[in-house]
1. Return the pairs, sorted by first residue and then second, in which the second residue is part of a loop (DSSP other than H, G, I, E, B) and aromatic (Phe, Trp, Tyr), the first residue lies in segment 532-557 and is touching a residue at least 60 places away in the same chain (Cβ under 8 Å) and surrounded by fewer than 24 Cβ atoms within 10 Å (Cβ to Cβ), the beta carbons are less than 6 Å apart, and the residues are 6+ apart or on different chains.
2. Is one or more of the residues making up segment 387-396 among the acidic types (Asp, Glu) and either in contact with a helix residue (DSSP H, G or I) (Cβ under 9 Å, 6 or more places away or on another chain) or within 21 Å of residue 352 (Cβ to Cβ) (or both)?
3. State whether the residues of segment 549-556 include one that is outside any loop (DSSP other than H, G, I, E, B), touching a strand residue (DSSP E or B) at 6+ places or on another chain (Cβ under 6 Å) and not assigned by TED's automatic domain parsing to the domain that holds residue 600.
4. Quick check: is even one residue across segment 266-275 in a helix (DSSP H, G or I), at pLDDT 90 or above and not aliphatic (A, V, I, L, M)?
5. Which condition breaks for residue 654 when tested against (1) more than 19 Å from residue 547 (Cβ to Cβ); (2) of a type in the set (Val, Ile, Thr); (3) in contact with a helix residue (DSSP H, G or I) (Cβ under 6 Å, 6 or more places away or on another chain)?
6. Got at least one residue in segment 238-248 being part of a helix (DSSP H, G or I) and on the phi > 0 side of the Ramachandran plot?
7. Consider segment 557-571. How many of its residues are part of a loop (DSSP other than H, G, I, E, B) and aromatic (Phe, Trp, Tyr)?
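The values are calculated or read from the model by the stated rules, or taken from the named source; none is laboratory data. Since we're looking at a predicted model, the values are computed, not measured. Every residue, glycine as well, gets a Cβ built from its backbone with ideal geometry; the counts of neighbours run over all protein chains shown.
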Amino acid sequence: MKTFAKKKKLLKTVAIFLATALLIPLLFVFAVYIGVFGKLPTKQELATIEHQQASEVYSADGFLIGKFYLNDRQPIPLERMPQNLLQALISIEDERFHDHNGIDLKSMFRVAFKSILLGDKSAGGGSTLTQQLAKNLYPRKERTSKNLAVNKIKEMLIAKRLEANYDKDKVLELYLNTVSFGDNTFGIEAAARKFFDKPTDSLLIEESAVLVGMLKATYGYNPRLFPERSLERRNLVLYNMQRNSFIAEEEKDSLQQLPLVLKYRDYDHNNGIAPYFREAVRKEVLAWAHDKDVNIYTSGLKIQTTLHYGMQQLAEEAMIEHMKKLQKQFEDGYGLRAPWLSKKSIMKAAKKLSKYKHWQQVGLSEKQIQDSLSIKRKMTFPTYNGEEEVMASSLDSLQHFMKFLNVGSIGIHPKSGAVNTWIGGVNFSYFKYDHVNQSKRQVGSTFKPIVYLTALENGISPCDYFSAREVEYQNLKGWSPSNSGNKDEAYLNYSLEEALSQSVNTVTVKVLEKTGLEKVLAQATEMGIQTDLPKEPSIALGTGEIPMTEMASVYSSFINHGRPIRPYIIQQISSNQDSVLYKHQQEKQVTSAFSEDNRKIMLHMMQSVVNNGTASRLRSTYGLKNAIAGKTGTTQNNKDAWFAALTPNYVNITWVGLDNHEIGFSNTAIGQGANAALPIFAKLYQKMNAESQFDSITKATFSPLTPEQQAKLACDPIKKDGFLKRLFTNPKKKKKKKFRG
């Protein structure tokens, strides 16, 4: 009896222990369920899952050229995910995916047995894809060991609710759109574009296997950083696909022999095609979104721009090819006299540095500041042969960057204003300043067509002649514009066409004088210049500082029947559901700024600039036979080089110079527009001529002159003064007079 009582007591104790052992976990699970350790998402919340989405920027010809995001994610529907991707995922991450309801107890017990009893650290975590999705949607806030049980149970409960809300296909879709691939890249579409530069639906089996293989350890199996590890992991995925009967053994063996081939494309704002253009788009979309309660970094906008991807690629290639050569010419032209070799110039630049000003404020002497700026450390310098790692000081860095030439170039369709090409500088990573839409520089002789057009509009004939003799204008503080070149020019008289073709400064000022300064300024406004211009006769030679976009408007008017067109960069903005939120409205065409007759005459005159004048290198050096009109420009002291090119369907404005206004080219031979700026357009057009896709631009022609227009231009380009006038004219003596324009 005593023994029976003892047994009964023992059984009761065991029963209580077992009940307690069972009850405590159940109570723990219940506590997690009711939110003691943090609220769980409801079924309703899980039914309306929304992700932050990157906004996508597209070129006019359909290429994805950039993204704006906090987290790089582009959700896509399951229909755009190939079967090989889904099979690879299930094979390596959750073989029993279609057999469980969010929690795979069989897998959990298997993992527990291997991990705890056998000590197998490679057994995995036993989490189903649905549990991993729960973790992706609701990341663990604390990762300490004491919270591990809470987190696991939360994920299991959320997984059950997810599978109650969604079918298996939707779970796969949500998982592949949320999972991280490292480097701030989320979702399969962003990963496919980053590692293989293609959309998900174009992934090959071996590419899908690479991306799925990364999920175990996004850093350790990153194919860019660790290609050998990634290859081994890819082949394991392929093995599992064969083991699960998704591919045949022969196909597995064949695929495993393939090398790992990436086409890595980082959508970092500093890299990739057209970075200055993309930044201009970002600013414009931000301004548009300001009053519309739209976050451009999370709302998944689709932004269709006007940029032509193919043309932009060629434009950037042409720019780099030319600037690499020009930079050497520029540096060699100065030799040992270079301003960036002058200690005085370097220290003058150093005084603008914030660190210099700070040290000055705290009381350091000039010598101490100079010593501090001379301390060398590891730096990265940009060059046209790539980046260089160097040991350099702050003063060395100033010296390096002081000598860098920069560039701005914009190309538009002259009848719509759509921007086809945009180059804001030579290297966006190091030079953020955009010379297309932020810079105002003197435009030099590219202003002259406005002067000549105004003259024609006010009754001056193309065959009226103007003396090239230099004049000193006494009422303009002795201002005396001059020409470079012909020593006999004091005896020469130029027609308008020849004066424009050869860019004769003295004649242009006289044409302005006869036409009237106010009329020229008014004409410039009508042709698209909104910037205030100096009311000085020197405007004839381009002393006004004008944005490149306004110069593009001016030159477009010569193609667009006298109507200037404003450049624009965004065609359309759509939501992530493809509803149109914004669409560019074509400008209502204003009244022509000048007559059609004079438009065609001016176009002919600017074709003469290309055929026989200052831009003739397009024909002689670059062999271009296309229909091209244009105008070169060079400012005082060779600080700015310009070229404006006009073709029937494309207008291009290019500037080259230094950001430091105090430094120009060492001589006109190097710094003139024909040498420093024109080749960028010339090389671009050579490349476009070689590709038939650009035939609509390169093979377009100007309409011919009418017989009446031809008659207006039928005169000798130059007339020489008569014998007696030459006899009594001293070519070295300037004529003195008052400017009366």
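1. If the second residue must be part of a loop (DSSP other than H, G, I, E, B) and aromatic (Phe, Trp, Tyr), the pairs left are 537/739.
2. Keep residues of segment 387-396 that are among the acidic types (Asp, Glu), which gives 387-389, 396.
Filter once more, so that each one left must be either in contact with a helix residue (DSSP H, G or I) (Cβ under 9 Å, 6 or more places away or on another chain) or within 21 Å of residue 352 (Cβ to Cβ) (or both): 396.
Yes, segment 387-396 has at least one match.
3. No, segment 549-556 contains no residue that is outside any loop (DSSP other than H, G, I, E, B), touching a strand residue (DSSP E or B) at 6+ places or on another chain (Cβ under 6 Å) and not assigned by TED's automatic domain parsing to the domain that holds residue 600.
4. Residues of segment 266-275 that are in a helix (DSSP H, G or I), as a first pass: 275.
Applying the additional criterion that residues be at pLDDT 90 or above yields 275.
Pick out the ones that are also not aliphatic (A, V, I, L, M) and you get 275.
Yes; the residues of segment 266-275 include at least one that is in a helix (DSSP H, G or I), at pLDDT 90 or above and not aliphatic (A, V, I, L, M).
5. All conditions pass for residue 654, except number (1).
6. Taking segment 238-248 first, the residues part of a helix (DSSP H, G or I) are 238-243.
When the remaining residues are screened for being on the phi > 0 side of the Ramachandran plot, the result is none.
No, segment 238-248 has no match at all.
7. Narrowing segment 557-571 to residues part of a loop (DSSP other than H, G, I, E, B): 558-567, 569.
Applying the additional criterion that residues be aromatic (Phe, Trp, Tyr) yields 558.
Count: 1.
One line per residue, one yes/no per condition, for (1) under 22 Å from residue 391 (Cα atoms); (2) part of a strand (DSSP E or B); (3) of a type in the set (Lys, Arg); (4) not assigned by TED's automatic domain parsing to the domain that holds residue 638:
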{"residue": "317", "(1), (2), (3), (4)": "no, no, no, yes"}
{"residue": "320", "(1), (2), (3), (4)": "no, no, no, yes"}
{"residue": "326", "(1), (2), (3), (4)": "no, no, no, yes"}
{"residue": "329", "(1), (2), (3), (4)": "no, no, no, yes"}
{"residue": "333", "(1), (2), (3), (4)": "no, no, no, yes"}
{"residue": "352", "(1), (2), (3), (4)": "no, no, yes, yes"}
{"residue": "363", "(1), (2), (3), (4)": "no, no, no, yes"}
{"residue": "367", "(1), (2), (3), (4)": "yes, no, yes, yes"}
{"residue": "372", "(1), (2), (3), (4)": "yes, no, no, yes"}
